[in-house]
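Below is one structure, written out as structure tokens; comments come after it.
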Amino acid sequence: MFYENNNPCCAWKSITSVIIEESKTQVWERNIDPRKILGPDEHTKKLALVMLAGLKVKKEKVHEDAKKLFTEWKPSVRKMLETCLTLDPSFSDMQNYALFDSNFPVYLLGRKYASRKDMEQIKESMSSLLWFTYRKNFQPIGGTGPTTDQGWGCMLRCGQMLLAQALIVRHLNYSWFWNRNMKSTEYMRILRMFQDKKSCLFSIHQIAHMGVSEGKQIGEWFGPNTVAQVLKKLAVYDQWSRLAVHVALDNVLITSDVRTMACTKPPQLKSGSLHLSNDCNDNHDIVGSATDADWFPELTISRSRSETSLSSCSGICEEWRPLLIIIPLRLGLNTINACYLSAIQVFFALPQCVGIIGGRPNHALYFVGIADDNLLYLDPHFCQNYVDLEKIVTTTEKKDGYVVISMEEFDDTTYHCPFILSTKFDKMDPSLAIAFLCRTEDDYNELADQLRTRLLLASTPPLFEMLETRPKNFPPFVPYVGEKTKLQDYTDLGEINDSYDEFEILE
């Protein structure tokens, strides 16, 4: 539920219910009222959050300088506060509802709203976005690996949210809104593709495994560029969506590369080469055995070309495939350069916009909108229980002397965020990746025109460069169609785009 009667306390109740699940006993033993977090005193907020997490902090420190508080706390306490159970109030000030009272419009993934006047529509749009958070108690990754991504998977979850939004637009159009009581077949199919089980193509299991091909071990932090490369590789196996993914490196978007990628015929998977269970892809396209070697894409694509499970019948075709363009950027050295604010504002106004993956050190976020210099985002840093979307929920009740049995296919409410989060532009980490979805060639032509006439003129220097063709000194562009691509042959922005300070603190 969103704010009731514009009361942000309701949103805090939703947040603290997640936290209290982990530390309910400690909260009530200390007799801490979660609503104290709403107080104007930032130090009180921090103290309340720490106590909600079950940590011990002396009350007399409540009026001390917040920075000193964080410095004096043990590293393990700071880590727990930043990456596990709670939000950092200095970064996500949800009580700042006044940002919607300004005269500045709100741009949310290409939609324009008139702040307070369109508040209900803003709530509906935010709650319609698919929200992927930390989960626990899912199938072990790799059979014996972790059963939770808490503490390391926030950037992977942001990548899931960005890709899910692209698939929603691709299959359900820009005008789609979530209805908890009426779910379309396409929506359910998309959501199931992201379930936390290895048989689902875009699960945390598959993303973590595919990261190995990018030099990332399971449980290791991903940067925005690494996530983009992994999504590009996994998308090859989604024959239902036929989504082409182009990752533009070196801060340059080259139109000839874009057209080549969009018009490259997707590879045809041989029978038995890739197993998708009925629950995740409805098994419409692929039928085969369920051996791990057959299923895991990272094992399949690392074979030699002669052994690859992808047929060689890929090449240039006349049909334009829906295209997801991801551009990893670094907009500053250690902090984001203020000169890019106007360009980011234009970015969120473009209809092809599908958001930004970024955040700040130790805290990856999925940015979906902007109001003046306030960015709206979805935060993956809530650890929720694994949900089996194939489990039938049955309820029984007596009515007029009869037993009435109701069956619901699955409860997807934990995949939609019940509150609005915002942060200031200058709190962003300079390492990020922006993304566009072009469903048709006309979409891209319109986007290219908007980039040249608006976005790239909105800041000095521009967000990135745009060229019609590759410079002569560039290596030839080879569209990714499933074979193992040697990214080291090209300039990989991962090393320069990923922050020195990681988004996740790892032991």
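The values are calculated or read from the model by the stated rules, or taken from the named source; none is laboratory data. Remember, it's a predicted structure, so these values are computed and weren't measured experimentally. Positions of Cβ are backbone-derived with ideal geometry, glycine not excepted, and every protein chain shown enters the neighbour counts.
At-a-glance table
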item: Tally, over segment 159-192, of residues that are among the hydrophobic types (A, V, I, L, M, F, W, C), more than 14 Å from the chain's Cα centre (by Cα) and within 16 Å of S241 (Cα to Cα); result: 4
item: Scope segment 457-477; condition among the aliphatic types (A, V, I, L, M) and in contact with a Phe, Trp or Tyr (Cβ under 9 Å, 6 or more places away or on another chain); matching residues; result: A458, L463
item: Test result for P380, surrounded by fewer than 21 Cβ atoms within 10 Å (Cβ to Cβ) and of a type outside the set (A, V, I, L, M); result: no
item: Test: residue in segment 390-400 that is modelled with pLDDT of 70 or more, surrounded by fewer than 17 Cβ atoms within 10 Å (Cβ to Cβ) and not small (G, A, S); result: yes
item: Conditions (1) surrounded by fewer than 18 Cβ atoms within 10 Å (Cβ to Cβ); (2) at positive phi: number failed by T144; result: (2)
item: Positions within segment 172-193 being surrounded by fewer than 12 Cβ atoms within 10 Å (Cβ to Cβ) and part of a loop (DSSP other than H, G, I, E, B), in sequence order; result: N173, S175, F177, N179, R180, N181, M182
item: Of all residues in segment 123-137 being hydrophobic (A, V, I, L, M, F, W, C) and modelled with pLDDT of 95 or more, the one that is nearest to G159 (Cα to Cα); result: F132
item: Test set (1) more than 28 Å from T144 (Cα to Cα); (2) at pLDDT below 95; (3) touching a helix residue (DSSP H, G or I) at 6+ places or on another chain (Cβ under 9 Å) - V212 fails condition number; result: (1)
item: Every residue from segment 229-246 that is assigned to a helix (DSSP H, G or I) and touching a Leu at 6+ places or on another chain (Cβ under 9 Å); result: Q229, V230, L231, K232, L234, A235
item: Selected residue (only one of Q165, Q239 is in contact (Cβ under 8 Å) with a residue 40 or more places away in the chain and in contact with an Asp or Glu (Cβ under 9 Å, 6 or more places away or on another chain)); result: Q239
item: Complete set of residues in segment 255-280 that are assigned to a strand (DSSP E or B) and either at pLDDT below 80 or crowded, with 22+ Cβ neighbours inside 10 Å (or both); result: L269
item: Wholly enclosed strands (runs of 3 or more DSSP E) of segment 402-474 bearing at least 3 residues modelled with pLDDT under 95; result: 402-408, 421-424
item: Residue in segment 194-222 that is surrounded by the fewest Cβ atoms within 10 Å (Cβ to Cβ), counting only those that are part of a loop (DSSP other than H, G, I, E, B) and small (G, A, S); result: G215
item: Any hit, segment 119-132, residues being buried (at least 19 other Cβ atoms within 10 Å of the Cβ) and in contact with a Lys or Arg (Cβ under 8 Å, 6 or more places away or on another chain); result: yes
